[in-house]
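Participant: Pasting in a structure now, in structure tokens, and then I'll have a few things to ask.
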2 protein chains.
Amino acid sequence: MTSGSTDYDDFFNKTAPPEKFEEKICIINSFVQYYKASDQKLVLVTSGGTTVPLESRTVRFIDNFSIGTRGSASAEYFLDHGYAVIFLHRQRSLLPFHRHLQHNMLDCLALQSPETNSHIYVNQESTVKLLPILQRYSECQKNRRLCLVSFTSLGDYLHLLRVACQSLRPLCSRAMLYLAAAVSDFYIPSDQMPEHKIQSQGEKPLHLSLELVPKMLKPLVKDWVPDAYVISFKLETDKSILIGKAKKALEQYEHKLVVANVLDTRKKEVILVTKDKEELLALSDEEEHRGMEIEEKLTRKIADLHLDFYSNSAIETKTSH
Amino acid sequence: MTSGSTDYDDFFNKTAPPEKFEEKICIINSFVQYYKASDQKLVLVTSGGTTVPLESRTVRFIDNFSIGTRGSASAEYFLDHGYAVIFLHRQRSLLPFHRHLQHNMLDCLALQSPETNSHIYVNQESTVKLLPILQRYSECQKNRRLCLVSFTSLGDYLHLLRVACQSLRPLCSRAMLYLAAAVSDFYIPSDQMPEHKIQSQGEKPLHLSLELVPKMLKPLVKDWVPDAYVISFKLETDKSILIGKAKKALEQYEHKLVVANVLDTRKKEVILVTKDKEELLALSDEEEHRGMEIEEKLTRKIADLHLDFYSNSAIETKTSH
């Protein structure tokens, strides 16, 4: 595949859309529609990893380590900064607000009076922690500020990303895309996939051959949401190649910003890479100690950048009229 | 690798033990020790999928679809049947009792009085559902009947399985192993793994070559817990090969029972395969309708089989004295 546009068209043609696709499209469209006539800023946050199935009746798949920490934390802070948020996330990955609940939540619950068994309470210790979270969550539910849409496979994700972009397109620079999901670079096309679970045969090793996923950031920036503020992420384990790869992505896709980060230090520091500069954001020891999250700083900075962009494009629109 | 024992020794020598290994060993040993002098029956339930890392600083891995539904439900019912349970599970997979909590648990919580903000309670609808679960959970916590140990990778799982077996061995036929975890058949040995995240280079496809994981059921049955009641699972997507593969496993490893199931129908029916017979367990439409789980039937049947085995081996022991 060498031509400029057919490789992603080809991907979409060959990859089945997710289950409940129509329903999910409807949820996204209705959320965007709700804010269309306002001046509310919207951000699409993508979060978690995509799976790459190895069999069409999938038992095995390739995945990555992401559980959606970056995306779910960022979505919360964007809500605090006044955004409405579409949260396109891997099923069963972390969700904004809900992420603060323990996996062993039952340990935080207690019966009011074991004799009557009438009420279950959150115990005192957990209440202190959960109270502000529950209040922020209720507020954003009441005001319809958060829209949750889930995916599992790479194919699901890309189909949903495209329809979300089509929905956001009319909002122009009021829309932001914060593409924090960890999207696979490789996949097995469905026509090359075995139907049934791969069998271990004797002592033979298993050989897998994966194709490169078309770079969707290209049509996304160019065709799907040409006026939106688009941010991508770059995660590496090898720091020495990080900035080079971030710069290359900006040149290639011509979007606004790459958030570059290294696996081992991703919770302490990120580098904001734009065409003409690099800016390090890091937590001080004191900030880390009191439990501040790097996403708080990151989203504040990005909300400022988006505001500048939005204001400038509004001026341009007025001038050109 | 052709010799009978060196392939798994070799696997353990080449694969690093999990983080906090000593701590986990200590938790298992102390739990087993607590019941050693009693006649309490113990079951080790393994649950969830194992990951196979593709890089040593792992960003990507091969996984499977299991989220631990079978294992976590079975562990609950084994507790109901009077067992003490070691639950060796994939991190972030479903846990007994906790599995009934929604992913969006915040939606089940409400403030007692929004003005004073003093208490958070579980809303009425969820209380009806959670009350019996919370009571069963509290009971088993109070009586120290459940021991949770987590793993992530295939290597972690096998290291922990081996030490759990070493710990259970002295209990002889009082111990049961219910190996419901979905263990990978293939892996990349650490000396063949790249250190850093695999890069996509140009438009080249990615080739992966995976080795067969040594069949640990062999040393497990023969050397690690020779007197225990051992049950393995066989999941296929193709029904036509299922029973043949289950029979072959029994011949090869000489354990007691294979629970055979097909991906699409695994929540409705399972087949218990022993050396001389096959027995279908299935939910009737009525049972399914009222929310019964197949694990309830499965564990009841298995508890009976284990009791027979235990009683017989106790008689044998007495007779031989």
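The values are calculated or read from the model by the stated rules, or taken from the named source; none is laboratory data. Just so it is clear, the structure is predicted and the values come from calculations on it, not from any experiment. Methodologically, a virtual Cβ is constructed for each residue, glycine included, from the backbone with ideal geometry; neighbour enumeration extends over all protein chains shown. For accessibility, only protein heavy atoms count, side chains too; no ligands or nucleic acids. Shrake-Rupley method; radii C 1.70, N 1.55, O 1.52, S 1.80 Å.
Participant: Considering only the stretch A:158-170, I want to know if a residue exists there that is over 21 Å from the mean Cα position of the chain (by Cα) and within 30 Å of A:Arg57 (Cβ to Cβ).
Facilitator: So far as the stretch A:158-170 goes, no, none of its residues is over 21 Å from the mean Cα position of the chain (by Cα) and within 30 Å of A:Arg57 (Cβ to Cβ).
Participant: Turning to a different aspect of this structure: Provide a single number: the residues in the stretch B:26-54 that are of a type outside the set (Phe, Trp, Tyr) and either buried (at least 19 other Cβ atoms within 10 Å of the Cβ) or in contact with a strand residue (DSSP E or B) (Cβ under 8 Å, 6 or more places away or on another chain) (or both). Let's see the steps before the verdict.
Facilitator: Step one: list which residues in the stretch B:26-54 are of a type outside the set (Phe, Trp, Tyr), which gives B:26-30, B:32-33, B:36-54.
Within this subset, residues satisfying the condition of being either buried (at least 19 other Cβ atoms within 10 Å of the Cβ) or in contact with a strand residue (DSSP E or B) (Cβ under 8 Å, 6 or more places away or on another chain) (or both) are B:27-28, B:32, B:40-54.
Residues flagged as of a type outside the set (Phe, Trp, Tyr) and either buried (at least 19 other Cβ atoms within 10 Å of the Cβ) or in contact with a strand residue (DSSP E or B) (Cβ under 8 Å, 6 or more places away or on another chain) (or both) within the stretch B:26-54 amount to 18.
Participant: Right, A:Cys147: touching a residue at least 60 places away in the same chain (Cβ under 8 Å), open to solvent by less than 10 Å² (accessible area, probe 1.4 Å) and under 29 Å from the mean Cα position of the chain (by Cα) or not? Quick ask: steps written out before the conclusion?
Facilitator: Values: touching a residue at least 60 places away in the same chain (Cβ under 8 Å): yes; open to solvent by less than 10 Å² (accessible area, probe 1.4 Å): yes; under 29 Å from the mean Cα position of the chain (by Cα): yes.
Taking the combined requirement at face value, the residue satisfies it.
Participant: When you go through B:Asp276, B:Asp285 one by one, which is the residue that is modelled with pLDDT of 95 or more and of a type outside the set (A, V, I, L, M)? Before you say what the answer is, go through the steps one by one.
Facilitator: On the way: B:Asp276 fails: modelled with pLDDT of 95 or more.
On inspection, the qualifying residue turns out to be B:Asp285.
Participant: Another one. Kindly evaluate A:Leu109 against the criterion of being touching a residue at least 40 places away in the same chain (Cβ under 8 Å) and in contact with a strand residue (DSSP E or B) (Cβ under 8 Å, 6 or more places away or on another chain). Steps first, answer last, please.
Facilitator: Working: touching a residue at least 40 places away in the same chain (Cβ under 8 Å): no; in contact with a strand residue (DSSP E or B) (Cβ under 8 Å, 6 or more places away or on another chain): yes.
No.
Participant: Quick one: would you say B:Leu106 is assigned to a helix (DSSP H, G or I), farther than 29 Å from B:Ile27 by Cα and at the interface with chain A (Cβ under 9 Å from one of its Cβ atoms)?
Facilitator: Values: assigned to a helix (DSSP H, G or I): yes; farther than 29 Å from B:Ile27 by Cα: yes; at the interface with chain A (Cβ under 9 Å from one of its Cβ atoms): yes.
Yes, satisfied.
Participant: Further question on the same structure: For the stretch A:262-277, which residues satisfy the criterion of being open to solvent by 50 Å² or more (accessible area, probe 1.4 Å) and assigned to a strand (DSSP E or B)? Spell out how you get there, then give the answer.
Facilitator: Kept after step one, since they are open to solvent by 50 Å² or more (accessible area, probe 1.4 Å), are these residues of the stretch A:262-277: A:264-269, A:275-277.
Scanning the stretch A:262-277 gives a single hit, A:Glu269.
Participant: Sticking with this one: Considering only the stretch B:45-63, state which residues are β-branched (Val, Ile, Thr), assigned to a strand (DSSP E or B) and at the interface with chain A (Cβ under 7 Å from one of its Cβ atoms). Full working, then the answer.
Facilitator: Residues of the stretch B:45-63 β-branched (Val, Ile, Thr): B:45-46, B:50-52, B:58-59, B:62.
Filter once more, keeping what is assigned to a strand (DSSP E or B): B:45-46, B:51-52, B:62.
Across the stretch B:45-63, the qualifying residue is only B:Ile62.
Participant: Taking the stretch B:205-244 as the search range and keeping residues that are among the polar types (S, T, N, Q) and assigned to a strand (DSSP E or B), which one is least open to solvent (accessible area, probe 1.4 Å)?
Facilitator: Residues of the stretch B:205-244 among the polar types (S, T, N, Q): B:209, B:232, B:237, B:240.
After this cut, where a residue has to be assigned to a strand (DSSP E or B) as well, the list is B:209, B:232.
Values: B:Ser209: 49, B:Ser232: 11 Å².
Of everything passing the filter in the stretch B:205-244, B:Ser232 is least open to solvent (accessible area, probe 1.4 Å).
Participant: Just to check your reading of the model, which residue among B:Ser184, B:Ser150 is in a strand (DSSP E or B), more than 23 Å from B:Ala303 (Cα to Cα) and among the polar types (S, T, N, Q)?
Facilitator: Details: B:Ser184 fails: in a strand (DSSP E or B).
From the options B:Ser184, B:Ser150, the qualifying one is B:Ser150.
Participant: Do the conditions hold for B:Val259, that is, is it surrounded by 13 or more Cβ atoms within 10 Å (Cβ to Cβ), more than 20 Å from B:Cys172 (Cβ to Cβ) and β-branched (Val, Ile, Thr)?
Facilitator: Working: surrounded by 13 or more Cβ atoms within 10 Å (Cβ to Cβ): yes; more than 20 Å from B:Cys172 (Cβ to Cβ): yes; β-branched (Val, Ile, Thr): yes.
Criteria met by B:Val259.
Participant: Open to solvent by less than 50 Å² (accessible area, probe 1.4 Å) and closer than 27 Å to B:Cys140 by Cα - does that describe any residue in the stretch B:11-22? Full working, then the answer.
Facilitator: Taking the stretch B:11-22 and keeping what is open to solvent by less than 50 Å² (accessible area, probe 1.4 Å), we get B:11-12, B:15, B:18, B:21.
Narrowing further to those that are closer than 27 Å to B:Cys140 by Cα: B:21.
For the stretch B:11-22, residues open to solvent by less than 50 Å² (accessible area, probe 1.4 Å) and closer than 27 Å to B:Cys140 by Cα: present.
Participant: If you don't mind, another one. Can you tell me which residue in the stretch B:181-204 is nearest to B:Tyr229 (Cα to Cα), limited to those that are more than 11 Å from every other protein chain (Cβ to nearest Cβ) and either at pLDDT below 90 or open to solvent by 20 Å² or more (accessible area, probe 1.4 Å) (or both)? First the steps, then the outcome.
Facilitator: The first filter runs over the stretch B:181-204 and keeps only residues more than 11 Å from every other protein chain (Cβ to nearest Cβ), leaving B:181, B:183, B:190-191, B:193.
Now narrow it down to the ones that are either at pLDDT below 90 or open to solvent by 20 Å² or more (accessible area, probe 1.4 Å) (or both): B:183, B:190-191, B:193.
On the way: B:Val183: 19, B:Ser190: 33, B:Asp191: 36, B:Met193: 37 Å.
Across the stretch B:181-204, the extreme among qualifying residues is B:Val183.
Participant: Return the total of residues in the stretch B:68-91 being open to solvent by 10 Å² or more (accessible area, probe 1.4 Å) and either out of contact with any strand residue (DSSP E or B) (no Cβ under 8 Å at 6 or more places or on another chain) or more than 29 Å from A:Ser153 (Cβ to Cβ) (or both).
Facilitator: As a first pass, look at the stretch B:68-91 and keep what is open to solvent by 10 Å² or more (accessible area, probe 1.4 Å): B:69-70, B:77, B:79-82, B:89-91.
Of the ones still in play, those that are also either out of contact with any strand residue (DSSP E or B) (no Cβ under 8 Å at 6 or more places or on another chain) or more than 29 Å from A:Ser153 (Cβ to Cβ) (or both) are B:69, B:77, B:79-82.
Qualifying residue count, the stretch B:68-91: 6.
Participant: Within the stretch A:15-44, can you find the residues that are under 19 Å from A:Gly82 (Cα atoms), part of a loop (DSSP other than H, G, I, E, B) and under 18 Å from the mean Cα position of the chain (by Cα)?
Facilitator: Result: A:Lys41, single match.
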